[in-house]
Amino acid sequence: MAITLSGDQSIPAPPLSSRLSPAQVWGIVLLAPYLLVFLAFVVYPVCYGLWLARAPSNYVALYNDPIFARAAVNTLIFLVIGINIKMLIALFLSGFFAQQRTWIKWLSVIFILPWAVPSIPTILSVRFMFNPEWGVINHLIFSFTGDDGPNWLNDPTVALSMAIGVHIWKSLPFWTLILITGRLAIAQDLFEAAEVDGASWWQKFRFITWPSMQTLYITCTLLSMIWTLGDFNSVYLLTGGGPADLTHVLSTLGIRYLRLDQLSLAMASIVCAMPFVLPLVYFMMKRLSR
Amino acid sequence: MKLPSLREVATEARLLLIGIPVFLWTMIPIYHMFLFAISPKEDAFSGKLWPDHPTLHNFTIVFKQQHYFLRDFYIQFWNSTVIAVSVGVLTLFIATAAAFSISRLKVPGGRAVLNLALFTYFIPAAFLAVPMYRTMGNYGLLNNHWSLILAMVTIASPYAIWVLKQASDKLPVELDEAAVMDGATTLQIFRLVYLPLMMPSLVAIGTYAVLLAWNEYLYAFLLLSNDREITLPVALGNFLAADDSPWELLMTTGFIYALPPAAVYYAFRRYMVGGLTAGAVKS
């Protein structure tokens, strides 16, 4: 082995391996499994996918596909409106759950359930609740008003809003939990001092809570936006992209093209999202790898 | 007993005004699933809030595989289990080795690898699924459990490496130095010093990877299609293929499928909350 030769001083500019200590050799060996996984299942697929999506005709086809434009708008609505509503609720609830009460402790244990259980059965459960003929919602509407309830998932606006609702239902506990840790990290004497000075609820939030949680809150919002781009289940399992392919988001659209055997279109639709994704990813990496 | 002041009552009432909607919002979809699981089909489909005759009959049908959609229930349950456990073990192995290498051995280029891993972590999984599907086809792994296991390891390990690296950095360097003085080899340090100290984080990451794989739907349904190879969530999705789906059985199977991860989550909650939230957002 080259390492055993490293004692020989007569060789000028020894090869790299001979300058490595045994610890560093182990370092490379231990890092190798991940590098292999990374090369085989990230680098290769991404390069291959980009190569498939290289033809400009793909982008022309996407541009001419009304479903793509609709999906892009839906994704934007999902991210800008959905995520901000979710994070505002999470911020509000983090204050609620930070209260020291036994029943709130118990409620927080229950509150985490949507995040702890898999999304497939619960999303399908919601889907059946809104079934126009047999769902419990329309049964209740009928028994109270005598009228048939609406065909909920057949209206694209309602269907997309419900997909956002399902997404919020699923991931609200996680973000609330994170914001609670942020809230609990604030020194309590600040609030006590504010109390003495007669500060209102809003003033306490505005001048103590918000300044200390601002960074965390914005980081969480951006992170949630990136991840929500990959939220396939909330839309696919609730609406399947329907009615008439009007509720697709980019993640379900990519899979739709894939199922139609239009892999290059699928890749092209993902490439189109990159100008929005990469700056967010870059920003997050800057923030997290400080 | 001291009577609560009016102000205390008002505060409590306001908290309840938030707490009750939160409780209902959280529980309704889960209760609805449970309701279907214990209702005969007629009751479930007539919008009753509690069945006239609650029954465990649906569970009997599932456990005896007495329906067309359920004929491979046990093998699918087994597939889910094997895949989840394999993903947990492989992710732990890969991520622990990588975190030890980057954080303790300061391997050259470790920082770059960590950044690459972080980058992967931020790429939405549904986007990677498209090229991943094709790649697995090229490797000849489609319809093979390995395709799903390797895909999930790819998705789970970046986060795992990152969290474990953060945790490793907190261990004092003197421990390694002392072990080296005592003549310990790198592997001995790894096994006898590093692993025992990292246990809480390893439990959290193992649980994270197992749950991630057990819950995964998209990759499972893309990569596996044969009825005897698929995992439970894919089988649940397949219920929807029919127009007259037996929803009460779908919900029963879904309920059974949701129990293990919920149990695991609550059992390891202490580790999960500490280990994962610390890593999820570094403040």
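A short reminder: the numbers here are calculations on the coordinates, not readings from a lab. Model, not experiment: these values are computed from the prediction. Cβ sites come from the backbone with ideal geometry, for glycine too, and all protein chains shown count toward neighbours.
A few notes on this one:
- Considering only alpha-carbon pairs that sit under 8 angstrom and 6 or more positions apart, the relative contact order computed for the stretch B:71-280 is 34 percent.
- Whole-Hz couplings from phi, Karplus 6.51/-1.76/1.60, listed for the stretch B:195-200; x for Gly and Pro: 4, x, 6, 8, 3, x
- Listed cross-link partners A:Lys105/A:Lys170; A:Lys105/B:Lys41; A:Lys170/B:Lys106; A:Lys86/B:Lys48; A:Lys286/B:Lys170 are compared with a 27 Å cut-off, the Cα-Cα value being larger for A:Lys105/B:Lys41; A:Lys170/B:Lys106; A:Lys86/B:Lys48.
- Cα shape, the stretch A:33-110, gyration tensor, a/c 1.5 rule: oblate
- If you run the Gaussian network model on chain B, springs between alpha carbon atoms under 10 Å, then out of B:Ala204, B:Ala184, B:Ala13 the most flexible one is B:Ala13.
- Kirkwood radius for the stretch B:142-283, taken over all pairs of different Cα atoms as the inverse mean of 1/r, rounds to 17.9 Å.
- Spatially, the stretch A:199-230 and the stretch A:162-187 are offset by 11 Å when compared through their Cα centroids.
- Of B:Ile20, B:Ile123, B:Ile83, the residue with the greatest mean-square motion in the GNM of chain B, using alpha carbon springs below 10 Å, is B:Ile20.
- Between the stretch A:110-146 and the stretch A:26-65, the alpha-carbon center distance in angstrom: 39
- If the chain linking B:Lys41 and B:Asn144 were pulled fully straight, counting 0.36 nm for each residue of separation and taking away their Cα-Cα distance, it would gain 33.5 nm.
- Estimated from helices alone, the mean residue ellipticity of chain A at 222 nm is -21500 deg cm²/dmol (sum of -39500 (n - 2.57) over DSSP H runs with n ≥ 4, per residue).
- Contact order normalised by residue count of chain A, Cα under 8 Å, 6+ apart, percent: 27
- Using only the C-alpha atoms, the convex hull of the stretch A:70-195 corresponds to 160 Å³ per residue.
- Cα pair distances in chain B, grouped into 5 Å bins until the bin that holds the longest one, percent each: 1, 5, 10, 12, 13, 12, 12, 10, 8, 7, 5, 4, 2, 1, 0, 0
- Shape of the stretch A:42-82, Cα gyration tensor, a/c cut at 1.5: oblate
- Percent of Cα-Cα distances greater than 19 Å, calculated over the stretch A:76-149: 62
- A convex hull fitted to the Cα coordinates of chain A yields 240 cubic angstrom per residue.
- Taking the square roots of five times each eigenvalue of the Cα gyration tensor of the protein assembly as shown, the equivalent ellipsoid has semi-axes of 42, 33, 24 Å, listed largest first.
- At 1.002 mPa s and 20 °C, Stokes diffusion of the stretch B:6-63 via Kirkwood alpha-carbon radius, µm² per second: 157
- Each principal axis of the Cα cloud of the stretch B:26-142 was evaluated for its coordinate range; sorted largest first, these ranges are 68, 37, 26 Å.
- Highest-MSF residue in chain A out of A:Gly49, A:Gly95, A:Gly198 [GNM, Cα springs under 10 Å]: A:Gly198
- In loop segments of the stretch B:1-98 as defined by DSSP, the trypsin sites (Lys or Arg not before Pro) with at most 11 further C-beta atoms inside 10 Å of their C-beta are B:Lys2, B:Lys64.
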